[in-house]
Amino acid sequence: MLHQIEGSKAMAQAIALCRPQVVCAYPITPQTHIVEGLGEIIREGELDNCEFINVESEFAALSVAIGASAAGARAYTATASQGLLFMAEAVYNAAGLGLPIVMTLGNRAIGAPINIWNDHSDSMAMRESGWLQLFAETNQEAVDLHIIAFRLAEELSVPTMVCVDGFILTHAVERVDLPEQAQVDAYLPPYEPVQSLDPNDPISIGAMVGPEAFTEVRYLQYYKQQQALGLIEQLSDEFAELFGRASGGLLRTYNVEDAELVVVAMGSICGTIKDVIDEMAADGVRVGLVTLTTFRPFPTEALNAALSDAKDVLVIDRSLDVGMGGPLASNVAIALREMLRPPQLFSAIAGLGGRPVPKTSLHRLFRQAAIQPWSGVHFLDLNERVIAREIHRRGKSRRAGPTAEAILKQLGQERAARLARMPR
Amino acid sequence: MFQVRIHGRGGQGVVTAAEMLSVAAFLEGKHAQAFPSFGSERTGAPVVAFCRISDKEIRLREPIQEPDALIVQDPTLFKALDVTEGLESDGYLIVNTARSLAEIQIETIVAKLPAGRAIAAPATELALKFINRPSPNTALLGAFAAHVGVVSLDSVCEAIRRAFPGKMGEANVEAAKAAYALIAAKVAA
């Protein structure tokens, strides 16, 4: 049924339809309305056989989810940003133990400097943890991906993160088609664990593994992620058949036929990019888009097939690997090695710490790729005036003080000057 | 696509106003997208919320930079920031004030818009009368339905009821209807 609903609330309802048995969360910043919504649903008794456990930290949240999952329960939690980092050790443990927990990440930046706004730094910090990572483009897809995620995680016994742009999606109110319980039940069977702790049939999970077997355990994690590539496609097809709409999958293409420049991006930015592509097409400039829905496992083969006719590829990252550049761009570059005649790769960083990504800036970026190609990393809408002044200032004195405060001071002075010029 | 930006202060229901407007459009079968300008919200601080309304799916995620209509819930904001930044030259402006637009000294802004596009609506006064608290958002949505259209008064009222069930909702509906009648009479005159 169609609803005009906030993303977080829609996700809470979709997760409830997946019949989790344990939901645990640390309910303060950085948290979304998702677990708040789930807490309400559980308290109202609308979800049978489910326990909401309020814990004392994010580390505890995922630890409880690990315990619950090991005991054979369908376990769910949500976090973002610093919260994900605080649970980092448990994130790796859940993956290493092969426990099919589903976790929503309301993607946000990581401090310092303190910043509560959206980017993909948190997901990227955990990209090597062994979790599957799926990225939603819209709130409809965020809802659908959770349903797919539980099925995917449990079939492979691998934990899965559903990555949803914080604020941009989690706090946006828009049209979402929420499925019926019977539909979800038909798609997602009850959880049947491949391993579970049972006092009547004791086993141990989490053995110490030395050099003689560690590589093999890791290899099997890698093997399962490779298997996930095929399964994700299959589960997306099954989803489309049952729910009547396409969601998930490895990637989606938009206008890539005959496009010389193809953009690769993830998450909600893809909607804005599509609008820009349509506007440029009206001017006779053909640009295509590959929306990566699955980031882990990285869909190398599918991506190369989608980019096979492209002359130039522009990767837009919503996070920064400070010593290297865009993490998505690095991954795409590795994938392109497999191609006989790989396209030229451009990398741009956009939307860090909640910086809006306007259409006008994307227009400029896409045109620049055609007429004035760059090497290295391009930072979209970087305030070069402020950067130059700050670098100059720092060069003058050893005791230059903290960077963030100095930048804020500059911007504050500029704003005051602007306001003084405003007509009263 | 029709784009609305709502300015106000924390505690005035700015974000809820954008959400209710999106629900009103949804009830008419349109696509709508409402979202706040994210910050560390606190009572009294300037707040901005956005609403897009379209017949097609809305894919755009940038903040609204060139609104077709602007709702200003607190007229003191004109002195604090450039609220009309990017407002389309044929845009609509609704200001919450019981005074005239000349009295709040925004003639230069009014002069840039076609005649009749900027209006004053005494939304706080209507809210105090019907809801007994200074929450101008629902009255302003009633004024919006009269002045701008795009959504009908009926849809606005239904959206208000969904946001505030029960007595509180009905009181807000009365405030919206009163604002609608007031502005519709002005437009007709």
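The values are calculated or read from the model by the stated rules, or taken from the named source; none is laboratory data. Remember, it's a predicted structure, so these values are computed and weren't measured experimentally. Methodologically, a virtual Cβ is constructed for each residue, glycine included, from the backbone with ideal geometry; neighbour enumeration extends over all protein chains shown.
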Condition first: within 13 Å of another protein chain (Cβ to nearest Cβ), farther than 28 Å from A:Thr360 by Cα and of a type in the set (A, V, I, L, M, F, W, C). Now tell me which residues in the stretch B:77-110 satisfy that. B:Ile104, B:Ile106
Across (1) in contact with a Gly (Cβ under 7 Å, 6 or more places away or on another chain); (2) within 26 Å of B:Pro122 (Cβ to Cβ), B:Phe78 clears everything bar (1)
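Residue-by-condition table, conditions (1) aromatic (Phe, Trp, Tyr); (2) within 22 Å of A:Phe52 (Cβ to Cβ); (3) surrounded by 23 or more Cβ atoms within 10 Å (Cβ to Cβ):
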site: A:Gly67; (1), (2), (3): no, yes, no
site: A:Ala71; (1), (2), (3): no, yes, no
site: A:Ala94; (1), (2), (3): no, yes, yes
site: A:Leu97; (1), (2), (3): no, no, no
site: A:Gly106; (1), (2), (3): no, yes, yes
site: A:Gly111; (1), (2), (3): no, no, no
site: A:Asn115; (1), (2), (3): no, no, no
site: A:Asn118; (1), (2), (3): no, no, yes
Right, A:Arg394: away from chain B (no Cβ under 14 Å), surrounded by fewer than 18 Cβ atoms within 10 Å (Cβ to Cβ), closer than 16 Å to A:Leu289 by Cβ and charged (D, E, K, R) or not? no
Before we move on, is A:Thr138 buried (at least 24 other Cβ atoms within 10 Å of the Cβ), over 13 Å from A:Gly267 (Cβ atoms) and among the hydroxyl-bearing types (Ser, Thr, Tyr)? no
Checking B:Ser22 against (1) surrounded by 22 or more Cβ atoms within 10 Å (Cβ to Cβ); (2) more than 14 Å from chain A (Cβ to nearest Cβ); (3) among the hydroxyl-bearing types (Ser, Thr, Tyr), which single condition isn't satisfied? (2)
Inspect all residues belonging to the stretch A:218-225 and state whether any of them is under 30 Å from A:Thr138 (Cβ atoms) and not small (Gly, Ala, Ser). yes
Residue tally, condition within 15 Å of A:Glu260 (Cβ to Cβ) and either outside the structural domain of A:Val262 (by TED's automatic domain parsing) or touching a residue at least 60 places away in the same chain (Cβ under 8 Å) (or both), over the stretch A:278-294: 3
Inside the stretch A:198-236, can you point out the residues that are in a helix (DSSP H, G or I) and either in the same structural domain as A:Arg296 (by TED's automatic domain parsing) or in contact with a Gly (Cβ under 8 Å, 6 or more places away or on another chain) (or both)? A:Val217, A:Gln221, A:Lys224, A:Gln225, A:Ile232, A:Glu233, A:Leu235, A:Ser236
Could you list all residues from the stretch B:28-48 that are more than 8 Å from every other protein chain (Cβ to nearest Cβ) and either of a type outside the set (Gly, Ala, Ser) or farther than 17 Å from B:Glu62 by Cα (or both)? B:Glu28, B:Gly29, B:Lys30, B:Glu41, B:Arg42, B:Thr43, B:Gly44, B:Ala45, B:Pro46, B:Val47, B:Val48
Tally of residues being within 14 Å of chain B (Cβ to nearest Cβ), in contact with a Ser or Thr (Cβ under 8 Å, 6 or more places away or on another chain) and among the small types (Gly, Ala, Ser) across the stretch A:330-387: 1
Some residue of the stretch A:371-381 being within 29 Å of A:Gly111 (Cβ to Cβ), of a type in the set (Ser, Thr, Tyr) and not assigned by TED's automatic domain parsing to the domain that holds A:Gly166: no
With respect to the numbered conditions (1) free of Cβ contacts under 8 Å to residues at least 40 places away in the same chain; (2) more than 14 Å from chain B (Cβ to nearest Cβ), which one is the sole condition not fulfilled by A:Val194? (1)
Please find, within the stretch A:264-299, the residue that is surrounded by the fewest Cβ atoms within 10 Å (Cβ to Cβ) out of those that are hydrophobic (A, V, I, L, M, F, W, C), within 14 Å of chain B (Cβ to nearest Cβ) and in a strand (DSSP E or B). A:Leu289
Flag if B:Asn137 is surrounded by 22 or more Cβ atoms within 10 Å (Cβ to Cβ) and at pLDDT 95 or above: yes
Tally the residues that are assigned to a helix (DSSP H, G or I) and without any contact (Cβ under 8 Å) to a residue 60 or more places away in the chain, restricting the search to the stretch A:338-368. 5
Positions within the stretch B:1-18 being buried (at least 24 other Cβ atoms within 10 Å of the Cβ), closer than 20 Å to B:Leu60 by Cα and not hydrophobic (A, V, I, L, M, F, W, C), in sequence order: B:Arg5
Within the stretch B:56-74, considering residues that are away from chain A (no Cβ under 11 Å) and touching a Lys or Arg at 6+ places or on another chain (Cβ under 8 Å), the one surrounded by the most Cβ atoms within 10 Å (Cβ to Cβ): B:Ile71
Within the stretch A:245-256, work out how many residues are closer than 25 Å to A:Gly230 by Cβ and assigned to a loop (DSSP other than H, G, I, E, B). 7
Can you find a residue that is closer than 18 Å to A:Gly166 by Cα and hydroxyl-bearing (Ser, Thr, Tyr) anywhere in the stretch B:32-42? yes
